[in-house]
Amino acid sequence: MNNVGLLVRIAGKVKAVVSDGYYLDDGSGLKDETGNTGIKVWTGLPNSTTVGAKLGVTGVISCRSASGKVYPMILARDVNAF
């Protein structure tokens with residue numbers, strides 16, 4: 001079953017901020033090749049939030065390839081703080 005392209009809503013705590021988004025830990029324990037915990041949320045903007053922020057994100061499921069593996073990613077549409 002493939003969930004790429006589906007509109008989803010997740011909530012969690014920001015664990016890392018990167019140049020094009022951040023990693024949101026939703027409790028799934030996902031880690032990627034960088035060692036960051038959480039699902040990458042792509043915003044296209046640097047410093048779009050701060051580490052420790054509790055957010056809800058609505059966006060489209062996508063994926064990215066790194067080090068020969070495929071990782072899920074959310075293309076953010078709406079972001080709300082708790």
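The values are calculated or read from the model by the stated rules, or taken from the named source; none is laboratory data. Here the structure is a predicted model, which means the values were calculated and not measured. Quick reminder, even Gly has a Cβ in these numbers, built from the backbone with ideal geometry, and neighbours come from all protein chains shown. When the accessible area is computed, the model is the full protein with side chains, heavy atoms only, and any ligands, DNA or RNA have been set aside. Shrake-Rupley method; radii C 1.70, N 1.55, O 1.52, S 1.80 Å.
Sort out which residues of segment 22-44 are more than 22 Å from G68 (Cβ to Cβ) and surrounded by 13 or more Cβ atoms within 10 Å (Cβ to Cβ), and write them in order of number.
Correct list: Y22, L24, D25, D26, V41, T43.
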Residues of segment 37-54 being under 24 Å from G5 (Cβ atoms) and within 11 Å of the chain's Cα centre (by Cα), in sequence order, are G38, I39, K40, V41, W42, T43
Residue count, segment 66-76, condition of a type outside the set (F, W, Y) and surrounded by 12 or more Cβ atoms within 10 Å (Cβ to Cβ), comes to 5
Within segment 45-65, of all residues that are touching a Lys or Arg at 6+ places or on another chain (Cβ under 8 Å) and either among the basic types (K, R) or open to solvent by 40 Å² or more (accessible area, probe 1.4 Å) (or both), the one modelled with the lowest pLDDT is R64
